[in-house]
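Enquirer: Here it is, the structure, as structure tokens.
Nothing in this text is a laboratory measurement; each read-out follows from the coordinates by a stated rule. In this text the structure is predicted, and so the values were computed from the model without any measurement. Note that we place each Cβ from the backbone using ideal geometry, even for glycine, and neighbour counts take in every protein chain shown.
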Amino acid sequence: MNFIALKMLVGNRARYLSIVIGLTFASLLITQQSAIFMGLMTRTFGFLTDTALPDIWVMDPKVQYIDDIKPLKETESIRVRSVEGVAWAVPLYKGLLKARLSNGTFQTCNVIGLDDETLIGGPPRMLQGKLSELRRSDAIIVNDIGAAGKLATVLPDGRRVPLKIGDTMELNDHRAVVVGICQVQRTFQSQPVVYTTYSRATVFAPRERKLLSFVAAKAKPGQDFHTLCQRICKTTGLAAYTKDEFKKLTIRYYMKYTGIPVNFGTTVVLGFIVGIAIAGQTFFSFTLDNLRYFGTLKAMGATDRVLLQMILLQAALVGSIGYGLGVGTASALGTLLGRTELSFLLTWQLLLVSASAVMVICAVSAILSMRKVIRLEPAVVFQS
Amino acid sequence: MITKYLLPILAVLGIGFAVFTVIKGSKTIPPALPVVKPAIPPFKSSVAGAGIVEANTENISVGTLIPGVVTEIYVSIGSKVKAHDPLFKLDDRDLWAQLAVRRAALRVAMASVRVAKESLADLKNQFALAESLSDKRAMSIEELDKRRYAALVAEAKLAQVRADVSSSKAQVKETLTNLDRIIVRAPRDGEILQLKIHLGEFAPAGITQTPLVLFGNVKPLNIRVDVDENDAWRVDASAPAVAFLRGNREIKTPLKFVRFEPYVIPKKSLTGDSTERVDTRVLQVIYSIERSDLPIYAGQQMDVFIESSEPIPASGAIPQTKQTETDEVKS
């Protein structure tokens, strides 16, 4: 019987293809859009992903998300270090500074100032040079995308010469020398990322009373992060978050105050509707086309149960093929465009979500078709 | 054939590729390790402070009383000197010239004394001669008086030129003292930490921004620890303290308490901007570095941890929500 069902499905090639294509597009749209959304959201806290060493981030209680810098007094890092259970605490500067390029244009850069002594919080992957070279005078480390893109020198014939080790640039009227090229997560605003030491960053930064952006702390082994966060809050009056809490805080801000989730959500819902409209409808008309065969089978004595099984099998088959092609295409697109500004992050949760969406589409189509088959009178076959 | 096998195969490949993408995407890059491991507090509960190493005499910036051009420097950077050893000398030619003039003036004054003495003797003699006359009529009274007063005036003149001599002597002595004063000497035993004055440079009198000579006794070194005023109450003089050298946490030294600076000062920011507003105030605690065999130098920064037995009071701190309320009221 199952063989007949498959034969029935594959035999009607046009219908079969259009069902599969409909499902493919539905799963492609759902997977790709939500993967881009996920990618975009992880980009908002890309700095935290790069700076994975500290367990706890201490900041002003009014900070709403990672780029919302409310500077602290410089002694706060020492105060955090005084809290019981803290292994170390280092100051960190993060801010947007203007860089002047050799051709005279200005470019805003995301400048990160690391603790002078330990250089904790450095980029996870150095492509050229070493992190310790930051100790040299006026030294900065630039990310590869920034160096080859926005910070590159544009020649008169339009060619771009990427920033390389030994090149100098101006950061807020101060000389800066590139001593290394690193690779970091792309930033949400896609500015070039510049690493330097904390004290140099405070020299680069415009004069302000307070300049310390964050205190990054590590817990002593065996400490419970949440109790430690509370202790830091109580002692210093500042807000302390674990890395994951800080990520959540940032995402929550973007979810609440930007249109991004609504935009992507709409596309995902549209994908779902397109899936139901095309695939469901085609599947339904496919069943209608084959009603004669079902009638014949019924007349030959096949029970409703067997017929339903056949429909379910057909639905499951087109569903899996459509899903497989969809997520495959989505992943291929993501991989192809992975080197560009496109953010794409496919997680196993997303695979499950799109799988269940496709399953719902197939189930809806199957239920519609089943109703027709159950109500079918075997006599129909002989009417025409 | 195509529809029969190709699509399912493609679908399986698609799912496989998606799973591969998921696995690839979920791989995390290990974080960059610190270039130098940070110092970890060696006590269960401690107060942290930023320390700066200094001489146990504090760092003395030696000044000069008399401005002038430096002609001689007797020490080099790092020289160990005893108290009153000469450090440098200013141009002294004018003083030597002055000394010669004043010595000549002294000789003139001394010569005048002899002149005055002889003339006094002469006049005294004449007066005595007149008085010894047996016949008083041989000389008029007027003439006698004239001789008496002439002798008295000569006596006064002698006293005057004698005073001139001591004045000249004092002036010579003044020049000699000035000649000594242009040699700047070490105030006490110690070491030259900085030598910012060179031969031919002008050394102004008074306080200079960079010290002419930075001087201090560095055996043993002291460390000046800044503790935030909010944590100042937790510092106990008798508690053990440990200092870690920046750059290598293996280099650490126990500290011996010396004194508290009784006045809490505004923290000096490293940005060096004079218009900077005060950030916070810090209590300065002075410790003595017990180990002298370590490569620690005056002026270096160290991370200091002072053991604190006091638990941090939960009630003492303001709850976070309450603080935000007060902030809003203020704004």
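Enquirer: Going through the DSSP H helices of chain B, which span 15 Å or more along their own axis at the Cα atoms while scoring at least 1.0 as a mean Kyte-Doolittle hydropathy?
Expert: On the way: long enough: B:7-26 (28 Å, 1.93); B:93-131 (56 Å, 0.13); B:141-181 (60 Å, -0.51); B:320-330 (16 Å, -2.11).
Helices passing the filter in chain B: B:7-26.
Enquirer: Still on this structure, I have one more. Can you give the FRET efficiency for B:N178 and A:E208, using 1/(1 + (r/R0)^6), R0 = 51 Å, r = Cβ-Cβ distance, to the nearest 0.05?
Expert: Values: r = 51 Å, r/R0 = 1.00.
According to the calculation, E is roughly 0.50.
Enquirer: How much length is gained on full extension from A:E170 to A:K62, taking 0.36 nm per residue of separation minus their Cα-Cα distance?
Expert: Details: separation 108, 0.36 × 108 = 38.88 nm, distance 3.22 nm.
Here the answer is 35.7 nm.
Enquirer: Quick one: if you stick a label point 7 Å off each Cα along the C-beta vector at A:L270 and A:V154, how many nm between them?
Expert: 3.2
Enquirer: Any idea what the dipole of the protein assembly as shown comes to, in debye rounded to 20, about its Cα centre with Lys/Arg Cβ at +1 and Asp/Glu Cβ at -1?
Expert: Working: 85 positive and 65 negative charges, 367 e Å.
Here the size comes out at about 1760 debye.
Enquirer: Which entries in A:K94/B:K267; A:K248/B:K252; A:K234/B:K267; A:K62/B:K27 show an alpha-carbon gap greater than 29 Å? Please report the intermediate quantities before stating the final value.
Expert: Working: A:K94/B:K267 23 Å; A:K248/B:K252 39 Å; A:K234/B:K267 23 Å; A:K62/B:K27 33 Å.
Pairs exceeding 29 Å: A:K248/B:K252; A:K62/B:K27.
Enquirer: Still on this structure, I have one more. Can you work out the PRE-style zone for B:K44? Point 7 Å along Cα to Cβ, and I want the residues of segment A:82-106 with backbone N under 12 Å.
Expert: Output list for this probe position: A:85.
Enquirer: Continuing with this model, one more query. Read phi for every residue in segment B:33-39 and hand back ³J(HN,Hα) as whole Hz from Karplus 6.51 cos²θ - 1.76 cosθ + 1.60, θ = phi - 60°, with x for Gly and Pro.
Expert: 7, x, 5, 10, 6, x, 5
Enquirer: Let me ask you something else. Rounded to the nearest 20 Debye, what is the dipole magnitude of segment A:73-237 about its Cα centre when Lys and Arg each give +1 and Asp and Glu each give -1 at the C-beta?
Expert: Values: 24 positive and 15 negative charges, 41 e Å.
Value, rounded to 20: 200 debye.
Enquirer: Evaluate the relative contact order of segment A:73-237 (contact order divided by residue number), counting alpha-carbon pairs under 8 angstrom at least 6 apart; express in whole percent.
Expert: On the way: 334 pairs, mean separation 57.3, N = 165.
So the answer I get is 35 percent.
Enquirer: Place a point 7 Å from the Cα of A:E341 along the Cα-to-Cβ direction; which residues of segment A:31-73 have their backbone N under 15 Å from it?
Expert: Zone members listed by number: A:40.
Enquirer: In nanometres, what is the gap between the two model label sites at A:R136 and A:S102, each 7 Å from Cα along Cα-to-Cβ?
Expert: Each label point lies 7 Å from its Cα, and together they span 1.6 nm.
Enquirer: Within 10 Å of each Cβ in peptide A:235-244, how many partner chain Cβ atoms are there on average? Round it to a whole number, please. Walk me through the intermediate numbers first.
Expert: On the way: counts 7, 5, 7, 2, 1, 1, 0, 0, 0, 0.
What the average comes to for A:235-244 is 2.
Enquirer: For A:R375 and A:Q309, what does the FRET efficiency come to when R0 = 22 Å and r is the distance between their Cβ atoms, rounded to the nearest 0.05? Can you show the working numbers first?
Expert: Working: r = 17 Å, r/R0 = 0.79.
With a Förster radius of 22 Å, E is 0.80.
Enquirer: Most exposed first by the Cβ proxy, i.e. fewest other Cβ within 10 Å, how do B:I73, B:I66 rank? Kindly include the intermediate steps, with their values, before the conclusion.
Expert: Working: B:I73 17, B:I66 14.
Ordered by Cβ neighbours within 10 Å, fewest first: B:I66, B:I73.
Enquirer: Turning to a different aspect of this structure: For segment A:58-166, how big is Rg over Rh, using alpha carbon atoms and the Kirkwood form of Rh?
Expert: Details: Rg = 17.2 Å, Rh = 16.5 Å.
Rg/Rh for segment A:58-166 comes to 1.04.
Enquirer: If you count, for each residue, the other Cβ atoms within 10 Å and average over each peptide, how do A:21-30, A:278-287 line up from highest to lowest? All intermediate terms of the calculation are to be shown ahead of the outcome.
Expert: On the way: A:21-30: 25.5, A:278-287: 21.9.
Descending mean neighbour count gives A:21-30, A:278-287.
Enquirer: Let me ask you something else. Report, to one decimal in Å, the Kirkwood hydrodynamic radius for segment A:73-237 based on all distinct Cα pairs. Kindly include the intermediate steps, with their values, before the conclusion.
Expert: Values: mean 1/r = 0.0593 Å⁻¹.
Kirkwood hydrodynamic radius for segment A:73-237: 16.9 Å.
Enquirer: With the contact rule set at Cα under 8 Å and sequence spacing of 6 or more, what percent relative contact order holds for chain B? Could the numbers behind the result be given before it?
Expert: Working: 500 pairs, mean separation 96.5, N = 331.
Here the relative contact order equals 29 percent.
Enquirer: Measure nothing fancy, just the Cα-based angle from helix A:2-11's long axis to the longest principal axis of chain A, in degrees from 0 to 90, nearest 10.
Expert: 80
Enquirer: In segment A:27-47, which residues have a backbone nitrogen under 17 Å from the label point lying 7 Å from A:V360's Cα in the Cα-to-Cβ direction?
Expert: So the set is A:27-35.
Enquirer: Run the numbers for B:A205 and B:A170: contour at 0.36 nm per residue of separation, minus the present Cα-Cα distance, in nm. Don't skip to the end; give the middle numbers.
Expert: Working: separation 35, 0.36 × 35 = 12.60 nm, distance 2.48 nm.
Full extension of this stretch gives 10.1 nm more.
Enquirer: Same structure again: Any idea which of B:A232, B:V172, B:P30 is furthest toward the positive side of the dipole for chain B, if Lys and Arg beta-carbons carry +1 and Asp and Glu beta-carbons -1?
Expert: B:V172
Enquirer: Mind checking which lysines have their Cα closer than 18 Å to the Cα of A:K372? Skip sequence neighbours fewer than 8 apart in that chain.
Expert: Result set, ordered by chain and number: A:K298.
Enquirer: Return the distance in nm (one decimal) between the two label points of a simple spin-label model at B:E142 and A:L352, each offset 7 Å from Cα along Cα→Cβ.
Expert: Between B:E142 and A:L352, the simple spin-label model gives 14.4 nm.
Enquirer: Can I ask one more? If I take every Cα pair under 8 Å that is 6 or more residues apart in segment A:299-384, average their sequence separation and divide by the length, what percent do I get for the relative contact order?
Expert: Details: 28 pairs, mean separation 46.0, N = 86.
For segment A:299-384, the relative contact order is 53 percent.
Enquirer: Mind checking which lysines have their C-alpha under 17 Å from B:K157, skipping anything on the same chain fewer than 8 residues away?
Expert: Reachable lysines: B:K117, B:K124, B:K146.
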